């Protein structure tokens, strides 16, 4: 499984909450959301479908009141600096700041599992902002 089930299920929930996003998904796939969710949980969904779902509803986290867009996860980084173990790094973009002022910054984390996913409305706000660029 090359995807985070929790993130994909949240993206599906966001799509399901918006008629506009549902229509966007329907251009490529049927929208039996119960079936899509079951396929995600059972790892029976095409990587292309996962990619489209996360393009339509990008993954966003909310940390201390700030919404962050999940960027790429890559590399093998020695975060501790002891040369004993490496981890991937995930870039998080501060969308609250960027939407409000146009200024942007990001930082890297080794794991996103403990962060709260943003609300459906916050996901849609980020999606609308990205579409406006």
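Can you find a residue that is surrounded by 13 or more Cβ atoms within 10 Å (Cβ to Cβ), touching a strand residue (DSSP E or B) at 6+ places or on another chain (Cβ under 8 Å) and under 30 Å from residue 33 (Cα atoms) anywhere in region 107-116? Within region 107-116, one or more residues are surrounded by 13 or more Cβ atoms within 10 Å (Cβ to Cβ), touching a strand residue (DSSP E or B) at 6+ places or on another chain (Cβ under 8 Å) and under 30 Å from residue 33 (Cα atoms). Within region 108-133, the set of residues being part of a strand (DSSP E or B) and either closer than 17 Å to residue 5 by Cβ or modelled with pLDDT of 95 or more (or both) comprises 116, 117.
Out of the residues in region 74-102 meeting the condition of being in a strand (DSSP E or B) and more than 22 Å from residue 132 (Cα to Cα), tell me which one is modelled with the highest pLDDT.
Of everything passing the filter in region 74-102, 90 is modelled with the highest pLDDT.
Does any residue of region 2-15 turn out to be assigned to a helix (DSSP H, G or I) and over 21 Å from residue 71 (Cα atoms)? No, region 2-15 contains no residue that is assigned to a helix (DSSP H, G or I) and over 21 Å from residue 71 (Cα atoms). Candidates are the residues of region 43-72 that are assigned to a strand (DSSP E or B) and exposed (fewer than 15 other Cβ atoms within 10 Å of the Cβ); the one that is modelled with the lowest pLDDT is 72. Every listed requirement among (1) surrounded by 11 or more Cβ atoms within 10 Å (Cβ to Cβ); (2) within 22 Å of residue 124 (Cα to Cα); (3) touching a strand residue (DSSP E or B) at 6+ places or on another chain (Cβ under 6 Å); (4) assigned by TED's automatic domain parsing to the domain that holds residue 126 is met by residue 10 save one, (4).
In a loop (DSSP other than H, G, I, E, B) and without any contact (Cβ under 8 Å) to a residue 60 or more places away in the chain - does that describe any residue in region 32-42? Scanning region 32-42, I find at least one residue that is in a loop (DSSP other than H, G, I, E, B) and without any contact (Cβ under 8 Å) to a residue 60 or more places away in the chain, so the answer is yes.
The values are calculated or read from the model by the stated rules, or taken from the named source; none is laboratory data. For clarity, every value in this text was computed on a predicted model and none was experimentally measured. Every residue, glycine as well, gets a Cβ built from its backbone with ideal geometry; the counts of neighbours run over all protein chains shown.
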